[in-house]
């Protein structure tokens with residue numbers, strides 16, 4: 001009788017351990033899948049900003065600095081919107097922010113102080129989503145230049 005109880009206990013512990021490992025692997029797999037999707041959404045956002053720039057620099061320069069905008073595809077073209085719902089892609093929310101850039105007066109390098117360069121902007125794209133009750137955020141920053149001036 002004792003041997004049967006020991007055997008059942010060992011089998012139960014083994015099954016529970018296997019179930020916990022399976023549950024954790026599903027969670028890690030889903031988290032990895034979402035991180036990969038977020039990376040693609042970030043890259044798409046960068047491409048959209050480049051498309052907006054290529055269509056007209058005013059699409060970028062007219063945006064208010066340090067304000068969140070959302071990318072919207074409508075009527076066969078990309079636009080920016082201030083409506084948060086326009087930035088939702090499945091479970092992800094994508095925001096775009098444009099910041100002014102200064103250049104050093106002597107070297108013309110990008111610097112924290114100097115003269116404002118109206119033909120260069122710092123773009124910050126942020127993708128966030130809820131994963132197991134925690135908000136996860138991925139960010140991509142890059143400079144964009146008015147190549148047509």
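Throughout, read-outs are computed from the coordinates displayed, never taken from laboratory work. These figures come from a predicted structure and were not determined experimentally. Positions of Cβ are generated from backbone atoms using ideal geometry, with glycine treated the same way; all protein chains shown enter the neighbour counts.
Starting from the Cα gyration tensor of the range 69-149, take the square roots of the eigenvalues, sort them a ≥ b ≥ c, and report rounded, prolate or oblate (rounded when a/c is under 1.5, otherwise prolate if a/b is larger than b/c, else oblate). Oblate is the answer for the range 69-149, as a/c is 1.5 or above yet b/c matches or exceeds a/b. A simple spin-label model places the labels of residue 104 and residue 142 2.5 nm from each other, with each point 7 Å out along Cα-to-Cβ.
Taking other C-beta atoms within 10 Å as the exposure proxy, 44, 31 rank 31, 44 from fewest upward. Helix 2-55 and the longest principal axis of the C-alpha atoms of the chain enclose an angle of approximately 10°.
Beyond 20 Å, what share of the Cα-Cα pairs of the chain remains, rounded to the nearest whole percent? Here the tail beyond 20 Å accounts for 60 percent of pairs.
With contacts taken as Cα pairs under 8 Å and at least 6 residues apart, the range 2-145 reaches a relative contact order of 18 percent.
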